[in-house]
Amino acid sequence: MRVRQRIDLLLLVLFVSLGLWAFWLEPASLRLQEYVVQPPLWPSECDGLRVAVLADLHVGSPYNGLERLAAVMDLTRAARADIVLLAGDYVIQDVLGGTFVPPEATARQLTAAPGSAPLFAVLGNHDWWLDGNRVRSAFEFEGIAVLEDAATEVSIGTCRFWLAGVSDFWEGRHDVDASLRDVPADAPVIALTHNPDVFSRVPTRVSLTVAGQTHGGQVYIPFIGRPIVPSDYGERYAIGHVVEDGKHLFVSSG
């Protein structure tokens, strides 16, 4: 009987610990993590390009109000980012302990500091669940380019490449062909999307695909892995730098 009680106690402690991590420690943490990625088909003029990826901001969720967003942007500027990619899910609805923050306020905060690196965005499923057109209008009003199945050429010094935005895998058309339609065949390309599940449809001409959505699996359990990953591929695209069939994917933990 004592053995059973100890097992029950251990399971209870584990359950409580995971709950604290998932709903308190992890959402309250803020850290900068740097990766060095050397994708194929990338021009030497763009070596050393510093790309900041911000995904799943969910402004209004617990510990993630506008003041927290200001701290995120301060950290981004301190990292000397040349360009900022916003990978969707800027809003949150009906979350326990949270408060709705309108996308207009989020867009203003993202662009509050003058002289910041240029920002480019795609929309996520939560943005569409609120009102995708409203979120897009709010961002564009503040000068943030929103690329939904469309591309634009980016110039930073002598570095020139194309940025192709692919709309959300769940709520958008996620038309990869449309996003690349205006891109010259021999041009270097970064694809930006919300959900990494679109990666299998991205052609090899794209040097790097950038995504969010997974929250890094939200919780990592040693020897078990990440039990909660909102992806059809499970942990395959959960977090970090992934290389498959010569193609490169980076998934932000948000």
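Are any of the residues in the range 193-201 of a type in the set (S, T, N, Q), touching a residue at least 12 places away in the same chain (Cβ under 8 Å), open to solvent by 10 Å² or more (accessible area, probe 1.4 Å) and part of a loop (DSSP other than H, G, I, E, B)? No, every residue in the range 193-201 fails to be of a type in the set (S, T, N, Q), touching a residue at least 12 places away in the same chain (Cβ under 8 Å), open to solvent by 10 Å² or more (accessible area, probe 1.4 Å) and part of a loop (DSSP other than H, G, I, E, B). Does VAL146 count as β-branched (Val, Ile, Thr), exposed (fewer than 15 other Cβ atoms within 10 Å of the Cβ) and in contact (Cβ under 8 Å) with a residue 12 or more places away in the chain? No, not satisfied.
Among the residues making up the range 153-169, those that are under 12 Å from LEU85 (Cα atoms) and either among the small types (Gly, Ala, Ser) or in contact with a helix residue (DSSP H, G or I) (Cβ under 8 Å, 6 or more places away or on another chain) (or both) are ALA164, GLY165. Here ALA187, ALA150, ALA145 are screened, and the one residue that is at pLDDT 95 or above, out of contact with any Lys or Arg (no Cβ under 6 Å at 6 or more places or on another chain) and within 14 Å of ALA87 (Cβ to Cβ) is ALA145. Only one of the numbered conditions (1) open to solvent by less than 10 Å² (accessible area, probe 1.4 Å); (2) at negative phi is violated by THR111, and that is (1). Among the residues of the range 204-230, those that are modelled with pLDDT under 95 and open to solvent by 20 Å² or more (accessible area, probe 1.4 Å) comprise HIS215, GLN218, TYR220, ILE221, PRO222, PHE223, ILE224, ARG226, PRO227, ILE228, VAL229, PRO230. What do you reckon, is ALA112 under 15 Å from SER252 (Cβ atoms), of a type in the set (Gly, Ala, Ser), without any contact (Cβ under 8 Å) to a residue 60 or more places away in the chain and assigned to a loop (DSSP other than H, G, I, E, B)? Taking the combined requirement at face value, the residue does not satisfy it.
Sort out which residues of the range 55-71 are of a type in the set (A, V, I, L, M) and open to solvent by 20 Å² or more (accessible area, probe 1.4 Å), and write them in order of number.
Residues satisfying the conditions are LEU57, LEU66, ALA70, ALA71.
The rows are residues; the columns are (1) in a helix (DSSP H, G or I); (2) under 17 Å from LEU54 (Cβ atoms); (3) not small (Gly, Ala, Ser).
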| position | (1), (2), (3) |
| --- | --- |
| LEU96 | no, no, yes |
| ALA105 | yes, yes, no |
| ALA117 | no, yes, no |
| ASP127 | yes, yes, yes |
| ALA151 | no, no, no |
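Looking only at residues of the range 115-142 that are more than 13 Å from VAL84 (Cβ to Cβ) and in contact (Cβ under 8 Å) with a residue 60 or more places away in the chain, we find that the one that is surrounded by the fewest Cβ atoms within 10 Å (Cβ to Cβ) is ASN125.
Scanning the range 202-216 for residues being out of contact with any Asp or Glu (no Cβ under 8 Å at 6 or more places or on another chain) and part of a loop (DSSP other than H, G, I, E, B) gives a total of 6.
Checking the range 231-248 against the condition returns no match, with no residue being modelled with pLDDT of 75 or more, open to solvent by less than 30 Å² (accessible area, probe 1.4 Å), in a loop (DSSP other than H, G, I, E, B) and in contact with a Leu (Cβ under 8 Å, 6 or more places away or on another chain). Just to be sure, is ASP175 of a type in the set (Asp, Glu) and loosely packed, with under 14 Cβ neighbours inside 10 Å? So ASP175 does not fit the description; no.
The values are calculated or read from the model by the stated rules, or taken from the named source; none is laboratory data. Note that the structure is a prediction, hence the values are computed from the model and not measured. A quick note on method: Cβ atoms are made from the backbone with ideal geometry, for glycine too, and the neighbour counts reach across all protein chains shown. Protein only, heavy atoms only, side chains kept; ligands, DNA and RNA dropped before computing areas. Shrake-Rupley method; radii C 1.70, N 1.55, O 1.52, S 1.80 Å.
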